[in-house]
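Beneath this line is the structure, given in structure tokens, with notes to follow.
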Amino acid sequence: QVQLVESGGGLVQAGGSLRLSCAASGRTFSSYAMGWFRQAPGKEREFVAAISWSGGSTYYAGSVKGRFTISRDNAKNTVYLQMNSLKPEDTAVYYCAASPLRIGGTRASDYDSWGQGTQVTISS
């Protein structure tokens, strides 16, 4: 497993932007696919975005496609989530996760390491 620490959350107005970062340590970061999930109060954790081990493939939930961009820097052991055109419904705790699968997936069960989460709050 890898250890993951998210940062970059905060409070922004609707229409604004945030960039989340997830720093990894432990086993070889570049061999893991990475994903971002989020969980709003009273709701189940949901998939947001994923990126393959090489960064060559990315996947997005329909609700964020065109607004969010996932990327990774294997030299820095870091994955990012650039979030633009934020909406109040994007408010949630955002979690970074690592998957031993080369491509990753959209299910939480595809991932075996999780960060502690970072709060993102969007005001209307």
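For region 78-110, which residues satisfy the criterion of being over 13 Å from the mean Cα position of the chain (by Cα) and surrounded by 17 or more Cβ atoms within 10 Å (Cβ to Cβ)?
Once the filter is applied, which keeps residues that are over 13 Å from the mean Cα position of the chain (by Cα) and surrounded by 17 or more Cβ atoms within 10 Å (Cβ to Cβ), region 78-110 yields Leu86, Thr91, Asp110.
Filter region 83-101 down to the residues that are within 17 Å of Phe47 (Cβ to Cβ) and not in a loop (DSSP other than H, G, I, E, B) and list them by number.
Listed by number, the residues that qualify are Met83, Glu89, Asp90, Ala92, Val93, Tyr94, Tyr95, Cys96, Ala97, Ala98, Ser99.
When only residues in region 51-77 that are surrounded by 13 or more Cβ atoms within 10 Å (Cβ to Cβ) and hydrophobic (A, V, I, L, M, F, W, C) count, which is nearest to the chain's Cα centre (by Cα)?
Ile70
Regarding region 102-117, can at least one residue be identified that is closer than 13 Å to Gly10 by Cβ and not in a loop (DSSP other than H, G, I, E, B)?
No; the residues of region 102-117 include none that is closer than 13 Å to Gly10 by Cβ and not in a loop (DSSP other than H, G, I, E, B).
Where a number appears in this text, it was derived from the coordinates with a stated rule and is not lab data. Fair warning: this is a prediction, and the values are worked out from it, not measured in the lab. Cβ: placed from backbone, ideal geometry, glycine included. Neighbour counts: every protein chain shown.
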